[in-house]
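Take a look at the structure below.
The values are calculated or read from the model by the stated rules, or taken from the named source; none is laboratory data. No experiment lies behind these values; they were computed from the predicted model shown. Neighbour counts run over all protein chains shown; Cβ positions are idealised from the backbone, glycine included.
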Amino acid sequence: MIKNHEIHAQRIDLPQEADERFSIGIDVGGTKIAGLLLDGNKEIVTRATVLVAKDSTDALLTTISGMALSLLESVPLEMRAQCGIGVAVAGWLNRESTYVRFSPHLPLTGVHIRAELEAQLGRPVVVANDADAAGWAEFQLGAAREYDDAACLTLGTGLGSAIIAGGTLVRGHLGMAGELGHICIDPAGPQCPCGGTGCLEIFSSGTGAERAAQRAGLLSDVDSQRTMTGRELVAAAAAGRSDAQAVLDEVAAPLAQALTMVVGALDSGVLVIGGGFGSASEYFLETLRRQYAQLAPHPESRPIVGIEVAQLGAEAGALGAALLSLLEI
Ligand SMILES: [Zn+2]
């Protein structure tokens with residue numbers, strides 16, 4: 001039985017620590033559920049993907065536990081009892097990571113997800129916010145592995161983030177630390193679906209980039225009937241189009257400003273940018289680095305913090321969920 005419902009997430013020194021346990025990580029996104037099984041060397045040995053059953057909470061929970069059970073079948077029989085199971089979800093969790101306060105794209109709002117999954121599986125399950133899980137994976141195995149203090153941002157449809165401080169995943173008073181996507185950047189800006197105004201993710205995300213391209217009337221090179229996607233915008237700017245660069249600067253500016261606040265508050269050693277939009281191109285990061293450097297205070301005495309591309313790609317959330325599960329079980 002789990003004695004402590006808080007995840008005291010501290011770095012496991014890999015692979016030095018003799019931890020032979022297998023672990024399952026499942027990332028429940030807005031459209032698909034991606035799962036993987038890690039062996040004792042933290043190598044991925046099995047993967048699974050299914051579409052999200054969005055019509056009912058029960059169907060979604062059953063799909064998650066069904067995937068966990070099928071991945072468990074690939075674990076050698078004598079290792080199964082010790083195998084961790086971690087589930088990352090797109091949503092705001094409570095501090096104990098047992099309950100979903102709010103999930104905009106999944107039928108999980110108000111669900112005691114941990115108890116439900118543990119009842120279905122008959123064994124402990126660790127639940128985490130998807131951006132926290134992805135950041136934890138980058139901290140353990142990816143772009144932030146050399147640091148004890150880092151901020152890992154995931155830029156896709158929205159903007160999620162994880163804060164690592166002193167080697168610990170910061171949860172915060174309510175379990176909602178690191179919600180950088182919903183800090184107010186422009187008090188006169190548009191309403192955000194979260195209820196706030198002028199939130200960072202409205203401007204600096206894949207969706208924000210598309211909105212900016214639309215406002216500027218930038219048409220796709222591939223299909224002139226539609227405006228550019230975020231990735232097309234980055235590609236056009238990288239190819240030297242000044243109109244695209246001006247829009248990309250608009251997208252990067254609020255993020256650069258937010259990053260100075262993060263570093264000012266936390267003294268992060270590295271800023272890791274991932275997600276479908278964030279990691280799409282080194283060129284976007286170059287734009288971001290340039291803007292950040294212009295805002296950073298007193299570079300003569302305080303070295304500019306590195307902004308690095310995430311290394312673990314789309315599997316970071318599932319990987320992080322698997323690694324977090326080993327901390328508690
Ligand atoms: Zn918001």
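Below is a table of values for the structure above.
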| item | result |
| --- | --- |
| Cross-chain or 6+ apart pairs with Cβ under 8 Å, the range 99-124 first and not assigned by TED's automatic domain parsing to the domain that holds D27, then surrounded by 14 or more Cβ atoms within 10 Å (Cβ to Cβ) | none |
| Subset of the range 180-195 [surrounded by 16 or more Cβ atoms within 10 Å (Cβ to Cβ) and either near the ligand (Cβ under 10 Å from one of its atoms) or assigned to a loop (DSSP other than H, G, I, E, B) (or both)] | G181, H182, I183, I185, G189, C192, C194 |
| Matching residues, the range 143-179, being outside any loop (DSSP other than H, G, I, E, B), over 19 Å from G29 (Cβ atoms) and not β-branched (V, I, T) | A150, A151, A165, L169 |
| Odd one out for A237 among (1) within 16 Å of the ligand (Cβ to nearest atom); (2) surrounded by 15 or more Cβ atoms within 10 Å (Cβ to Cβ); (3) of a type in the set (G, A, S) | (1) |
| Breaking point among (1) modelled with pLDDT of 95 or more; (2) within 17 Å of the chain's Cα centre (by Cα); (3) not in a strand (DSSP E or B), for A128 | (3) |
| Residues that are β-branched (V, I, T) and in contact (Cβ under 8 Å) with a residue 40 or more places away in the chain, drawn from the range 168-227 | T168, I183, I185, T207 |
| Check on R47, of a type in the set (K, R), at pLDDT 90 or above and farther than 16 Å from A316 by Cβ | no |
| Residue match in the range 166-178 (condition: exposed (fewer than 14 other Cβ atoms within 10 Å of the Cβ) and within 16 Å of the ligand (Cβ to nearest atom)) | yes |
| Boolean, G135 is touching a residue at least 24 places away in the same chain (Cβ under 8 Å) and within 16 Å of the ligand (Cβ to nearest atom) | no |
| Residue count, the range 78-92 (criterion: surrounded by fewer than 19 Cβ atoms within 10 Å (Cβ to Cβ) and more than 15 Å from L38 (Cα to Cα)) | 1 |
| Meets criteria (in the same structural domain as R211 (by TED's automatic domain parsing) and either modelled with pLDDT of 95 or more or of a type in the set (D, E, K, R) (or both)) for L295 | no |
| Which listed residue, of G217, G230, G269, is at pLDDT 95 or above and under 23 Å from A151 (Cα atoms) | G269 |
| Residue under evaluation T207, criteria (1) within 13 Å of the ligand (Cβ to nearest atom); (2) part of a loop (DSSP other than H, G, I, E, B), criterion not met | (2) |
| Condition broken by P107, with the remaining ones in (1) over 26 Å from G195 (Cβ atoms); (2) outside any helix (DSSP H, G or I); (3) touching a helix residue (DSSP H, G or I) at 6+ places or on another chain (Cβ under 9 Å) satisfied | (1) |
| Residue within the range 258-273 that is in contact with a strand residue (DSSP E or B) (Cβ under 7 Å, 6 or more places away or on another chain), more than 16 Å from the ligand (Cβ to nearest atom), of a type outside the set (A, V, I, L, M) and under 17 Å from A293 (Cβ atoms) present | yes |
| Residue selected from the range 110-125 under the condition part of a helix (DSSP H, G or I) and within 20 Å of the chain's Cα centre (by Cα), by the criterion farthest from G86 (Cα to Cα) | I113 |
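Matching residues to (1) in a helix (DSSP H, G or I); (2) of a type in the set (D, E):
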| site | (1), (2) |
| --- | --- |
| D223 | no, yes |
| A253 | yes, no |
| A265 | yes, no |
| L271 | no, no |
| Q291 | yes, no |
